[in-house]
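Participant: Below you will find the structure I want to go over with you.
The values are calculated or read from the model by the stated rules, or taken from the named source; none is laboratory data. Just so it is clear, the model here is predicted, and its values are computed rather than measured. Don't worry about glycine lacking a Cβ; one is built from the backbone with ideal geometry, like all the others, and counts go over all protein chains shown. The protein model used for the area step is the full one, side chains on, heavy atoms only, and it has no ligands, DNA or RNA in it. Shrake-Rupley method; radii C 1.70, N 1.55, O 1.52, S 1.80 Å.
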Amino acid sequence: MNIVGHFRTITKHRHLVIKHCFKAGIGLQGLKHDLSKYSPEEFFISCKYYTGKHSPIADERRDRGYSTVWMHHKGRNKHHYEYWVDMNLETKLYEPVPMPDRYVKEMICDRIAASKVYLGSDYDYTYPLKYYHNKEHGKMQIHPETQRKLVFVLKYLNEHGEEETFKYLRTHEVLDMCEADEL
């Protein structure tokens, strides 16, 4: 169990997200980011699987076939699109619903910070879009509107860099950004 390593990694990540949230205009929201990672339900199992190279969730999932940490985490953190799933009253199926823009913004800040923490000096602002295309595209159960917003901001980041992206997030709603791009 690597308690110190895991604590340092999640704290470094959280502090980067907070910094990015302030740049994106949602600073107070950022102060609450990922507090559940310090809960006993998430912390100790994550310490067991900690390597420092990627999220411990993947290794727990590999061993158990599912991740108790992820199920706890996604149910308490609105910046994960997986949180935004509910029953459709017409179909009686669980389906993704649109994420509010403030959580889309936090999700972007989270993705940038996670990339920085796990890639270290190999990070550059084009990585979050590459990760999306290589690992997530076509596999996500995400509302189409939320996915459109996510992809728009990741492309914007890829083309304009972090500072310009944070400035844009601070001064625009994500929906406004997407609509302007389509004109």
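Participant: Scan the stretch 112-150 for trypsin sites (Lys or Arg not before Pro) in coil per DSSP, keeping those whose Cβ has at most 15 other Cβ atoms within 10 Å, and list them by number.
Facilitator: Qualifying residues, ordered by number: LYS139.
Participant: Using every pair of alpha-carbon atoms in the chain, split the distances into 10 Å bins beginning at 0 and state the percent of pairs per bin, rounded to integers.
Facilitator: Going from the shortest bin to the longest, the percentages are 9, 35, 38, 15, 2, 0.
Participant: Report, largest value first, the span of the C-alpha coordinates of the stretch 30-76 along each principal axis, in whole Å.
Facilitator: The Cα atoms of the stretch 30-76 stretch 31, 21, 16 Å along their principal axes.
Participant: Something else now. Can you list the trypsin sites (Lys or Arg not before Pro) in the stretch 1-70 that are in a DSSP coil and have 16 or fewer other beta carbons within 10 angstrom?
Facilitator: Filter output for the stretch 1-70: LYS32, LYS53.
Participant: How big is the dipole moment of the stretch 1-64 about its Cα centre under a simple scheme where the beta carbon of each Lys and Arg is +1, that of each Asp and Glu is -1, and everything else is neutral? Debye, nearest 20, please.
Facilitator: My answer is approximately 260 debye.
Participant: Another one. Top to bottom by accessible area (1.4 Å), largest first, where do THR51, THR146 land?
Facilitator: Correct descending sequence by accessible area is THR51, THR146.
Participant: For the chain, with a Gaussian network of springs between Cα atoms less than 10 Å apart, report the residue from ALA58, ALA113, ALA24 with the top mean-square fluctuation.
Facilitator: Comparing ALA58, ALA113, ALA24 in a Gaussian network model of the chain, the most mobile one is ALA58.
Participant: Assigning unit charges at the beta carbon (Lys, Arg +1; Asp, Glu -1) and nothing else, what dipole magnitude in debye, to the nearest 20, does the chain show about its Cα centre?
Facilitator: With Lys and Arg at +1 and Asp and Glu at -1, about 780 debye.
Participant: Hey, can you find the accessible area per residue of the chain for me, probe 1.4 Å, expressed in square angstrom?
Facilitator: 56
Participant: Follow-up. How large is log10 I(q)/I(0) at q = 0.12, 0.27 Å⁻¹ when the Debye formula is applied to the Cα atoms of the stretch 51-118, each weighted equally and without solvent?
Facilitator: -0.42, -1.16
Participant: Can I ask one more? Loop-only check: which chymotrypsin sites (Phe, Trp or Tyr not before Pro) in the stretch 20-112 are DSSP coil with at most 14 other Cβ within 10 angstrom?
Facilitator: TYR66
Participant: Further question: Over the Cα atoms of the stretch 90-164, how large are the radius of gyration and the largest Cα-Cα distance (Dmax), in Å?
Facilitator: 13.6, 49
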